[in-house]
Every structure is written in C-alpha cells, then in structure tokens.
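Notes for the one structure printed next.
The values are calculated or read from the model by the stated rules, or taken from the named source; none is laboratory data. None of these values were measured; they are calculated from a predicted model. Reconstructed Cβ throughout: ideal geometry from the backbone, glycine too, with neighbour counts over all protein chains shown.
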Amino acid sequence: MKKPVKINNREEFQLERVVFFNDAVFAIAITLLIIDIKVPEFKSIGISDNELLYKLLALIPKFIGFVISFFVIGLYWLAHHRMFKFVKSINHNLLWANLLFLLPIIIMPFSTSFLSEYYFSNLKIPFGIYTINICLSVFFSYRLWMIISNPKNKLSDKIDKVIVHYITARALTIPIIFIFTFLFSLITPYFFLIPPFIPLTTRLITKYYFKKYPEIMNNYYKND
C-alpha cells in the first residue's frame, strides 16, 4: 500500500500562503465586477421616476454580465478549493501552474465589462473575448488539476480516478457551453439564454457520479 504524502510545518505554512493568496485574488476579482456598475447620474436636480427607471434599465446588461461572471468565478473558486484539499506538498511547477490559473480570473472583470458595454449590439468580438477568457480559465484550471492529481509529482495522496474524471468533467462543462453559446450568438440574439444551463449541467454530472459511484462520491464530499 502506498504511503500517504507527509506534510511538515514549513510546507503547511507555504501551502496556506498559496491558498490565502488565491482567496484574495478571487475576492478582488468578484469585487471588481460590481465596481464597474455605476449609480446613474443626472446633471439636473429635478428628475422623474421614469427618467431614473430608464437609467436603471440601461444597466441591465451590466447586471447580467455581473451575475454570470459572479457565478463563473465562484465555480472556479469552488473547484480550486476542492483541488487544493488534496494537496499535501508544493513545488515550483505547482506554484507556476497556480499563478497562471489566476491570470484569466484577474482578466474576467475586464472581459465582463467589455461584454456588458456592447451586450445588445450586433458585435461579436466582445462575447468572443469573453468566451476566450472562459476557455483560458478552464485550460489553466485543468493543467493545475493534472499536476496535482498526477502521482508522479508526489503533491498529494493517491486520488481515485473517479474523482479525477469527475472534477475534469465538471470543469469542461463551462467552456463547452460557452463555445456553443458563442456559436449561437452568430445566428440568434437569444444566445444569453444558454449560460443558465451551466449549473443544471454540472448538477446532472454530479448526480450521475453519485448514482454510479456513491461510496467514492460520499467520501469526496464528506470533508468538503
């Protein structure tokens, strides 16, 4: 039987530093999403409720972008949390992979703002850039997960292949849906209806794995 990877106090401290740094980046990225939404301003003092309502309605695209990106970043934060609960040791490759994983997360407030600004236009570039941002997030997340789960790297205890496949399947769901959404945006203005399927799809994946591998999945979520 393979011995579990031991972690000393120094490695534990270094690992905590990485986790705290990641949490801070995620928190800042989510906060920057709402900062881009400004309170409507009027030059004249006397304004009516109708004028104010019109200004608020004009902010709907920004709120839509905020909600979508909030949950996307939240899903990546949860994925990162679940990946790092397996980590028992760190090395140079893990640190760089983790840093690269944060890059598209930091870019997301910009791509969200860019998309929201031209949400109801016929332009395809803003949503294309947002989709690329999502795909980069998944790519670096997948790369980080492969480094952590690879037993040759000795960064974690042996991870069940079912869990490796489960986390991978959930991660790939988001870019696949966004790529289909982008393709739909080329032919229909109702493409924004597709992203809400992300939580539904991930839930179905989880339900499938729980049904097929109940014991393994229960152990995985026991300490989540």
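Below is a table of values for the structure above.
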read-out: Close pairs (6 angstrom Cβ cut-off, 6 or more residues apart or separate chains): on the phi < 0 side of the Ramachandran plot in segment 34-47, hydroxyl-bearing (Ser, Thr, Tyr) and modelled with pLDDT of 80 or more anywhere; value: ASP36/SER113
read-out: Qualifying residues in segment 83-102 (those that are surrounded by fewer than 17 Cβ atoms within 10 Å (Cβ to Cβ) and within 16 Å of the chain's Cα centre (by Cα)) - the one farthest from SER141 (Cα to Cα); value: LEU99
read-out: Residue match in segment 6-21 (condition: in contact with a helix residue (DSSP H, G or I) (Cβ under 7 Å, 6 or more places away or on another chain) and surrounded by 12 or more Cβ atoms within 10 Å (Cβ to Cβ)); value: yes
read-out: Filter pass, ASN150 being at pLDDT 85 or above and more than 18 Å from the chain's Cα centre (by Cα); value: yes
read-out: Those residues of segment 92-136 which are closer than 17 Å to PHE66 by Cα and hydroxyl-bearing (Ser, Thr, Tyr), in sequence order; value: SER111, THR112, SER113, SER116, TYR118, TYR119, TYR130, THR131
read-out: Search result, residues across segment 37-55 that are surrounded by 11 or more Cβ atoms within 10 Å (Cβ to Cβ) and either within 19 Å of the chain's Cα centre (by Cα) or among the β-branched types (Val, Ile, Thr) (or both); value: ILE37, ILE47
read-out: Residue in segment 128-146 that is among the small types (Gly, Ala, Ser), under 22 Å from the mean Cα position of the chain (by Cα), surrounded by fewer than 20 Cβ atoms within 10 Å (Cβ to Cβ) and at pLDDT 85 or above present; value: yes
read-out: Residue within segment 104-111 that is assigned to a helix (DSSP H, G or I) and of a type in the set (Phe, Trp, Tyr) present; value: yes
read-out: Residues of segment 122-138 satisfying the condition of being assigned to a helix (DSSP H, G or I) and either closer than 20 Å to VAL162 by Cα or not aromatic (Phe, Trp, Tyr) (or both); value: ILE125, PRO126, GLY128, ILE129, THR131, ILE132, ASN133, ILE134, CYS135, LEU136, SER137, VAL138
read-out: Residue among GLY65, GLY74 that is among the small types (Gly, Ala, Ser) and surrounded by fewer than 13 Cβ atoms within 10 Å (Cβ to Cβ); value: GLY74
read-out: Members of segment 56-82 found to be more than 30 Å from LEU144 (Cα to Cα) and within 18 Å of the chain's Cα centre (by Cα), listed by number; value: PHE63
read-out: Test: ILE176 is in a helix (DSSP H, G or I) and not hydroxyl-bearing (Ser, Thr, Tyr); value: yes
read-out: Set SER141, SER116, SER156, SER149: member being touching a helix residue (DSSP H, G or I) at 6+ places or on another chain (Cβ under 9 Å), hydroxyl-bearing (Ser, Thr, Tyr) and closer than 21 Å to ALA24 by Cα; value: SER141
